[in-house]
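These notes are about the structure you will find just below.
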């Protein structure tokens, strides 16, 4: 289950209201009086990266007792942390008093960088509408769903991986080597997310990446990453293997590509890091089935899944059939539109006493 992390609240120095990160202004702004503070920091000069082998050993090592206790709010599902000798009375996120103990070790994610939101809700809806209009087979009613559907935003946790990979391939007795350098290969740290859908949002504008600062997430939902490093590294290796195979078969014929097998891969200089990426989600239903469009909160790229219109598919089938008849029997094909016109005219005029 995706939960949110309760972060610090920042108060407006002018009126005492809550400051939220505003994508359009790229600053902390107060909704009450409009006062704003500049962006927290400049891009980090050195991005934090950790050796993957050390991270995997630490992931399998027994966890040391924590000096802080985690609680989850029963109202807003947010997480908060207090010292062991302190007592949690109210949720710092919504103020509710229904706090329940939470297994903090189930959430091993501690972001070190993030890309701040730069796309506002109206712009995210506009991106979703443009994506829907590009889906020719989608029902026309979906454009209205994009304007009125439920849209939510959150920072989604990701693991990033760098590596140099050397792949050995074989094809019908012929062997070869392919090597690639991988940078910022992403693996989502939330197992409930659709990995293929999120991958379609790439590439992310890494120039917008910033060092972690809670002011960037003020007023926004931060999803809790429950995916562990070992599983994430396996997913990242699968993506690297896919690219290695694509590179190995790039200059081969279609028949040769089917016979290429990757015999083994050697990984060196492997590192990992943790980051947060901004994502809008537009959820809607069509004929009782749920669908989702996701929007890149940094550049507005939208991808998703959409139903197809049976009417449009039928029209395409009719046109394709007519083109086939035109190629085989032009005279008959050209007579069909005239016959359809006469039939429609007869159906229209008949109620009014036409011939």
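The values are calculated or read from the model by the stated rules, or taken from the named source; none is laboratory data. All values derive from a computational prediction rather than experimental measurement. Every residue, glycine among them, receives a Cβ derived from its backbone with ideal geometry; neighbour counts consider all protein chains shown.
Here are a few things to note about the model shown:
- Residues of region 198-213 that are more than 18 Å from residue 273 (Cα to Cα) and surrounded by fewer than 16 Cβ atoms within 10 Å (Cβ to Cβ): 200 alone.
- Residue count for region 122-133, restricted to those that are under 18 Å from residue 24 (Cβ atoms) and surrounded by 14 or more Cβ atoms within 10 Å (Cβ to Cβ): 6
- The residues of region 134-148 that are modelled with pLDDT of 80 or more and surrounded by 13 or more Cβ atoms within 10 Å (Cβ to Cβ) amount to a single one, 135.
- Residue in region 256-277 that is assigned to a helix (DSSP H, G or I) and surrounded by fewer than 20 Cβ atoms within 10 Å (Cβ to Cβ) present: yes
- Any hit, region 132-148, residues being touching a residue at least 40 places away in the same chain (Cβ under 8 Å), more than 30 Å from residue 53 (Cβ to Cβ) and either within 15 Å of the chain's Cα centre (by Cα) or outside the structural domain of residue 298 (by TED's automatic domain parsing) (or both): no
- Failed criterion for residue 205 (all others in (1) free of Cβ contacts under 8 Å to residues at least 60 places away in the same chain; (2) under 16 Å from the mean Cα position of the chain (by Cα) hold): (1)
- Counting only strands (runs of 3 or more DSSP E) that sit completely within region 8-98, those holding 3 or more residues that are at pLDDT 75 or above, in contact with a strand residue (DSSP E or B) (Cβ under 9 Å, 6 or more places away or on another chain) and not assigned by TED's automatic domain parsing to the domain that holds residue 280 correspond to 19-22, 27-30.
- Residues (without any contact (Cβ under 8 Å) to a residue 24 or more places away in the chain and either under 17 Å from residue 271 (Cβ atoms) or outside the structural domain of residue 267 (by TED's automatic domain parsing) (or both)) located in region 222-255: 234
- For region 300-316, the criterion of being under 24 Å from residue 181 (Cβ atoms), assigned by TED's automatic domain parsing to the domain that holds residue 150, surrounded by 15 or more Cβ atoms within 10 Å (Cβ to Cβ) and under 28 Å from the mean Cα position of the chain (by Cα) is met by none of the residues.
Every residue, every condition in (1) over 30 Å from residue 199 (Cα atoms); (2) at pLDDT 80 or above; (3) in contact with a helix residue (DSSP H, G or I) (Cβ under 6 Å, 6 or more places away or on another chain); (4) not in a helix (DSSP H, G or I), yes or no:
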{"site": "290", "(1), (2), (3), (4)": "no, yes, no, yes"}
{"site": "300", "(1), (2), (3), (4)": "no, yes, yes, yes"}
{"site": "341", "(1), (2), (3), (4)": "yes, no, no, no"}
{"site": "345", "(1), (2), (3), (4)": "yes, no, no, no"}
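- Among the residues making up region 153-200, those that are under 22 Å from residue 229 (Cβ atoms) and part of a loop (DSSP other than H, G, I, E, B) are 189, 190, 191, 192, 193, 194.
- Residue in region 176-187 that is farther than 18 Å from residue 204 by Cβ and modelled with pLDDT under 75 present: no
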